[in-house]
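A.B. asks: Take a look at this one; I'll ask things after.
The values are calculated or read from the model by the stated rules, or taken from the named source; none is laboratory data. Since this is a predicted model, take the numbers as computed values, not measurements. So basically every Cβ, Gly included, is an ideal-geometry build from the backbone, and we count neighbours across all protein chains shown. Each accessible area value is taken on the protein alone, full model and side chains, heavy atoms only, with ligands, DNA and RNA left out. Shrake-Rupley method; radii C 1.70, N 1.55, O 1.52, S 1.80 Å.
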Amino acid sequence: MMKDWAERFWRSLSLAGLLAGTLFFAASLTPSLIPRGFAVQGVLSGIAFSAGYGIGTLGQWLWAWLELPAPQARGMRIAKQAAAVACTGIALAFLWQASAWQNSIRDLMGMEPVESARPVQVGLIALAVFIALLAIGRLFRLVGRLVSRRLRAFLPRRIAAASGIAVAAVLFVGVANGVLLRYALHVADSSYRAMDELIEDGTSPPGDPQKTGSAASLLSWEGLGRAGRDFVSSGPSAEQIGAFLGREAKEPIRVYAGLGSAETPAERAKLALEELKRVGAFERSTLVIVTPTGTGWVDPAAADTLDYLQGGDVASVAIQYSYLASWLSLLVEPGYGSDASRALFHEVYDYWTTLPKDHRPKLYLYGLSLGAMNSELSNELFEVLGDPYQGALWAGPPFASRIWRSITAGRNPGTPFWLPRFRDGSYVRFTSQQNALDIPGAHWGPLRVVYLQYASDSVTFFDPYSFYRAPEWMSQPRGPDVSPQLRWYPLVSFLQSLVDLAFATTTPMGHGHVYAPQHYIDAWVAVMGLQWQPEEIARLKAHFAAR
């Protein structure tokens, strides 16, 4: 029985589909930006095989529909058997090489080599994914044929066939969007909301009345959300900073307004401003407007290094605009983050400009990931030309960031896409793992912008057009943590980059979308023009590396 089913299944498979699917499968095993575990690689390879199989099957169907010459049944049977042998050989050869390809990335990121059993695991998972997707595809075809048969009583044969496909497509897309996607978003929304509201054991409102969330604060501890509570309570103390610096330090000020603090972004921004006034933030030497990620998270690698570099004489302020992961927030509530970022910037900036220029803090912007993109959108240059803030540090800007895209596209000829230079470097500079901010002969202008980005960051370098052309970042020279064995393949590279985008934060620190304190230190020093001796910077980097 099983043998008969397997034989029928084999006969039903498309020869062109098998050949194209195998080529897609093989290409999917090659390296991309982010190292992949065997499970992720198996799913990706199964999807790639299915995509290739679908394209090959469509081509074979089109050939028949155009009534072009086709081999006889016996010839087709022999061709399929020969193709099976060839496809198996290709798949095995590429599976054998797949571990070495993954290790070519892992070596650059200081990771352990992959396991020897990986090819078998990848192959089995890919086969299971292909069978599942093939079943869905055949269900789609069955629905289309059923509809087409009903329509043949009223319409010509080919119009009925096309109408059947259209009805099936509408039905399947409707189910996917209206049921599966809506359910997935509901589950994600509930999960992230519960995570945001969670108050972990052992955490309590701060006793210091100068702290946000304390009994004296204008913002309640519960309303800050999990990310906000972590931000205001986890930074270094004046004693810790002073002990490292060997001199007296101030207690850093951190203000945060969570989603539970007020209903609208404008109301949260007003509360944040009033809290800044209450705790004396405008009496500090430096004030940083922070735009958090989608979940409301502020990267401690950036916030803690800033506190040390300023000797605690700094205030940071942020408001939450979402509790969803950045990619989900970008999908379901685009524009909401920029609304919040603009509201906070204008509340703080408008008050800051009323203060005497010699008795107000220097003003900077900071954002990571979606926070970087929304921080870019918080103001237009013409709005601040009369009284500009001092600068901005934007780390891991998403590929859709408007200003980042414009500057990168206008980079100086000969500079790489992943580390461009823009004009004379007086306004904006880029850096990566190796500090590239000291440009010989260049002088900073009154407003400094620094982009911190890694060549392996798929959030920054995702290219939605990579399904038909190679991304610019693949050109030579490549970044220090990009595999030299990486190649572009039509459609497959796009699928790889989608997976890279989803797993960008699974890399070791200092690669992918996980930014390291030592690289933030270089960026903060440059954007703020801090006068630290090289040996002291090295000591601070070693301090954070030890943590």
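A.B. asks: Under 26 Å from the Cα of LYS80, which lysines turn up, not counting those fewer than eight places away in the same chain?
C.D. replies: Qualifying lysines at Cα under 26 Å: LYS3.
A.B. asks: Can you find, among ALA98, ALA51, ALA526, the residue sitting farthest towards the positive end of the charge dipole of the chain, where Lys and Arg contribute +1 and Asp and Glu -1 at Cβ?
C.D. replies: It is ALA51, whose Cα lies furthest towards the positive end.
A.B. asks: Kirkwood Rh over Cα pairs of the stretch 242-306 into Stokes-Einstein at 4 °C, 1.567 mPa s: D in µm²/s? Spell out each step's value before the answer.
C.D. replies: Working: Rh = 13.6 Å.
Answer from the Stokes-Einstein relation: 95 µm²/s.
A.B. asks: Turning to a different aspect of this structure: Go through 460-473, 243-256 and give me the packing order, highest mean Cβ count within 10 Å leading. The partial results should precede the final answer.
C.D. replies: Numbers: 460-473: 17.1, 243-256: 18.7.
Result, highest mean first: 243-256, 460-473.
A.B. asks: Students often check this: by mean Cβ neighbours within 10 Å, which of 397-409, 517-529, 142-154, 282-294 ranks highest, and how do the rest follow? If you can, show how the numbers build up before the last one.
C.D. replies: Details: 397-409: 18.3, 517-529: 21.8, 142-154: 14.5, 282-294: 23.5.
Descending packing order for the listed peptides: 282-294, 517-529, 397-409, 142-154.
A.B. asks: Still on this structure, please answer the following. Can you tell which of TYR465, GLY441, PRO477 lies farthest toward the positive end of the dipole of the chain, using +1 and -1 charges on the Cβ of basic and acidic side chains (Lys, Arg; Asp, Glu)?
C.D. replies: Of the listed residues, the answer is TYR465.
A.B. asks: Right, here's the next one. With a 1.4 Å probe and every protein chain kept in, tell me what percent of the accessible surface of the stretch 366-524 is carbon plus sulfur. The partial results should precede the final answer.
C.D. replies: Values: 3710 of 6250 Å².
In the stretch 366-524, the share of accessible area belonging to carbon and sulfur is 59 percent.
A.B. asks: Can you tell me which lysines have their Cα less than 18 Å from the Cα of LYS362? Leave out same-chain residues fewer than eight positions away.
C.D. replies: Cross-link targets: LYS250, LYS277.
A.B. asks: Just the Cα atoms of the chain, one point each, no solvent: what log10 I(q)/I(0) does Debye give at q = 0.09, 0.13 Å⁻¹?
C.D. replies: -0.77, -1.29
A.B. asks: Follow-up. Could you size up the charge dipole of the chain around its Cα centre, putting +1 on the beta carbon of Lys and Arg and -1 on that of Asp and Glu, and report it in debye to the nearest 20? Don't jump to the answer; show the numbers that get you there.
C.D. replies: On the way: 47 positive and 45 negative charges, 662 e Å.
Value, rounded to 20: 3180 debye.
A.B. asks: For the pair ASP358 and GLN240, what calculated FRET efficiency results from E = 1/(1 + (r/R0)^6), where r is the Cβ-Cβ distance and R0 = 30 Å, to the nearest 0.05? Walk me through the intermediate numbers first.
C.D. replies: Values: r = 31 Å, r/R0 = 1.03.
According to the calculation, E is roughly 0.45.
A.B. asks: Among MET373, ILE289, GLY258, flag the residue with its Cα farthest along the positive direction of the charge dipole of the stretch 227-379, charges on Cβ as +1 for Lys/Arg and -1 for Asp/Glu.
C.D. replies: The one lying farthest along the dipole's positive direction is ILE289.
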